Amino acid sequence: AGLPGWWARVSRRTRLRAGPARPWVVDAVVTAIVQAAVTIPFVSPRAADVPPATWAAYGVTTLSVLPLLWRSRAPFTVLLAIVLAEFAYVPLDGPGQP
């Protein structure tokens, strides 16, 4: 009932079909790809007038990616966890994210 119930029904209907692979394998691959994408701004050269990227910003970015490991089991919870982690990223003034 309510939004979580609605989200669970939508999720079941639109779930990625992984074929013979287990859903956790697909989630792990998605997590690794997203982690690689969000790491790029931290390893790319930055302009001299831009503050350097910090380990704290990178740590929060990584914490925002980790919930993806559970995306097929608890999609709504994962969405909330990522949104909350991204709100924690804003005051750190880290590099822009893809």
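The values are calculated or read from the model by the stated rules, or taken from the named source; none is laboratory data. Owing to the predicted nature of the structure, the values given are computational and were not obtained by experimental measurement. Glycine gets a Cβ as well: all are built from the backbone with ideal geometry, and neighbour counts include every protein chain shown. Just so you know, the surface numbers come from the protein's heavy atoms only, side chains and all, with ligands and any DNA or RNA stripped out. Shrake-Rupley method; radii C 1.70, N 1.55, O 1.52, S 1.80 Å.
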*asked:* For Asp27, Asp49, give me the order by solvent-accessible area with a 1.4 Å probe, most accessible first, ignoring ligands, DNA and RNA.
replied: Asp49, Asp27
*Which FRET efficiency value, to the nearest 0.05, is calculated for Ala48 and Leu92 with the Förster distance at 30 angstrom and r the Cβ-Cβ distance?*
0.90
*What do you reckon, how do Thr31, Thr62, Thr77 stack up by accessible area (1.4 Å probe), largest on top?*
Thr77, Thr62, Thr31
